[in-house]
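To start, the structure under review is shown below, and the notes come after it.
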Amino acid sequence: MTGARPNRGSSPIRRLVLLETLASEVCGTDVHLQHGRLSGVPYPIIPGHVSVGRVRETRGLVRDVEGAQILPGEVVTFLDVHRTCGRCWYCLVAKASTRCPERRVYGITYSAAEGLLGGWSERIVLLPGVQIIKLPPSLPPEVFMAGGCGLPTALHAVQRGEVTFGDTVVVQGAGPVGLCAVVLAQLQGASQVIVVGGPPARLAMARALGADLTIDIGDHGPEERLRLVREATNGRGADVTIEAAGVPAAVVEGLHFTRDAGTLVVVGQYTDNGAATINPHLEINRPHLRVLGCWGSDFSHLYRSIRVLARHAERFSWRAMISGRYPLAEAGAALAAAERQESIKSLILPNGPLG
Ligand SMILES: [Zn+2]
Ligand SMILES: [Zn+2]
């Protein structure tokens, strides 16, 4: 074999990008992953699905969706979802690529044995086909990470709910997805945003981001919560309700928060937390509701998130959502804080503080 070079023929170069990780994050999904609550995860894994990094090296010509070359030194992020096939029934006929069975996700469905394919790592390898986006100069990495994976998820939910000018929107849950939905609903034209959730620090954040009314689930029982929502909406309820709470009973409550002929988007039930009982006649059919599931996000949601953040980075207090910054060695403490809901968004900084 000495001196023999394998004949690659006309096979294309495997285009790769090596990132120096600037920041990754902890989200609710990581807590679920820690407890084994997602099916089909090839443990051990490197967690961290949404991340930002500086390009250290590229192999082959790698371009972004605008056609611009990705170059060493640039600060970029990437869609954590990879290998959406574009050939299957869900991709081609249903046009629902987040249900593509081929899709893999950095930090979730790749095993550590397959490489540096998660953000809780000093380096991340971007495999061929990973969609890379350069962060615009007006968008500091920390502001991007404050939205983190919650922003494209919330953008998908707000789009799916077709929030429009003058709408009243109820957001259930004040975690990162709920808080991002508060901002995006306003940008989409909502004239009233009500948040039902907790704890108090997260609700204060919701108000700082523009929520008109917050209802603390720690202070008010279900009947009281419904009364307060109805009172604030001329007795009708919300035009659009976005459930980002995660508790099955919240979906039933969301049906009641929604006005007749309104829309409920269920985006918070990312893991199987069990069943909830509904009365289909009283709670869906007669009130003429539109009830929509919302699973994952695609490239358009990340791309649009970045455009929105870059435009409104200064207008909303995104950075205040970051409640902790942890080196890799303290990732366990970051997970524990997320589980106790003490934090809103914790960053993992594998290469030290952000400049
Ligand atoms: Zn597919
Ligand atoms: Zn996440």
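Numerical summary
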item	result
Selected residue (only one of D219, D239 is outside any strand (DSSP E or B), among the charged types (D, E, K, R) and either more than 16 Å from ligand 1 (Cβ to nearest atom) or in contact with a strand residue (DSSP E or B) (Cβ under 8 Å, 6 or more places away or on another chain) (or both))	D219
Residue, most open to solvent (accessible area, probe 1.4 Å), within the range 50-91, restricted to residues that are within 16 Å of ligand 1 (Cβ to nearest atom) and in a loop (DSSP other than H, G, I, E, B)	R87
Yes/no for G210 being part of a loop (DSSP other than H, G, I, E, B), in contact with a helix residue (DSSP H, G or I) (Cβ under 9 Å, 6 or more places away or on another chain) and touching a residue at least 60 places away in the same chain (Cβ under 8 Å)	yes
All positions within the range 20-49 that are open to solvent by 10 Å² or more (accessible area, probe 1.4 Å), within 20 Å of I70 (Cα to Cα) and in contact with a Leu (Cβ under 7 Å, 6 or more places away or on another chain)	L22
Qualifying positions in the range 109-147 - open to solvent by less than 50 Å² (accessible area, probe 1.4 Å) and in contact with a Ser or Thr (Cβ under 7 Å, 6 or more places away or on another chain)	G119, W120, S121, I124, I133, L135, F144, G147
Test: residue in the range 24-44 that is away from ligand 1 (no atom under 16 Å from the Cβ), of a type outside the set (S, T, N, Q) and part of a strand (DSSP E or B)	yes
Restricting the range 148-161 to residues that are more than 11 Å from ligand 2 (Cβ to nearest atom) and not hydrophobic (A, V, I, L, M, F, W, C), the residue that is least open to solvent (accessible area, probe 1.4 Å)	G161
All positions within the range 244-273 that are in contact with a Phe, Trp or Tyr (Cβ under 9 Å, 6 or more places away or on another chain) and assigned to a strand (DSSP E or B)	L264
Some residue of the range 114-130 being farther than 21 Å from L349 by Cβ, in a loop (DSSP other than H, G, I, E, B), in contact (Cβ under 8 Å) with a residue 60 or more places away in the chain and within 16 Å of ligand 2 (Cβ to nearest atom)	no
Any hit, the range 154-163, residues being of a type in the set (S, T, N, Q), assigned to a loop (DSSP other than H, G, I, E, B) and more than 16 Å from ligand 1 (Cβ to nearest atom)	no
Qualifying residue in the range 92-111 (condition: under 15 Å from the mean Cα position of the chain (by Cα) and part of a helix (DSSP H, G or I))	yes
Criterion (surrounded by 16 or more Cβ atoms within 10 Å (Cβ to Cβ), among the basic types (K, R), within 20 Å of the chain's Cα centre (by Cα) and modelled with pLDDT of 95 or more) met by exactly one of R307, R325	R325
Boolean, T233 is of a type in the set (V, I, T) and closer than 21 Å to F316 by Cα	no
Selection status of L151, closer than 21 Å to E314 by Cα, in a loop (DSSP other than H, G, I, E, B), out of contact with any His (no Cβ under 8 Å at 6 or more places or on another chain) and away from ligand 1 (no atom under 16 Å from the Cβ)	no
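The values are calculated or read from the model by the stated rules, or taken from the named source; none is laboratory data. Just so it is clear, the structure is predicted and the values come from calculations on it, not from any experiment. All Cβ positions, glycine included, derive from the backbone under ideal geometry; neighbour counts span all protein chains shown. Areas reflect the complete protein model, heavy atoms only, side chains present, ligands, DNA and RNA absent. Shrake-Rupley method; radii C 1.70, N 1.55, O 1.52, S 1.80 Å.
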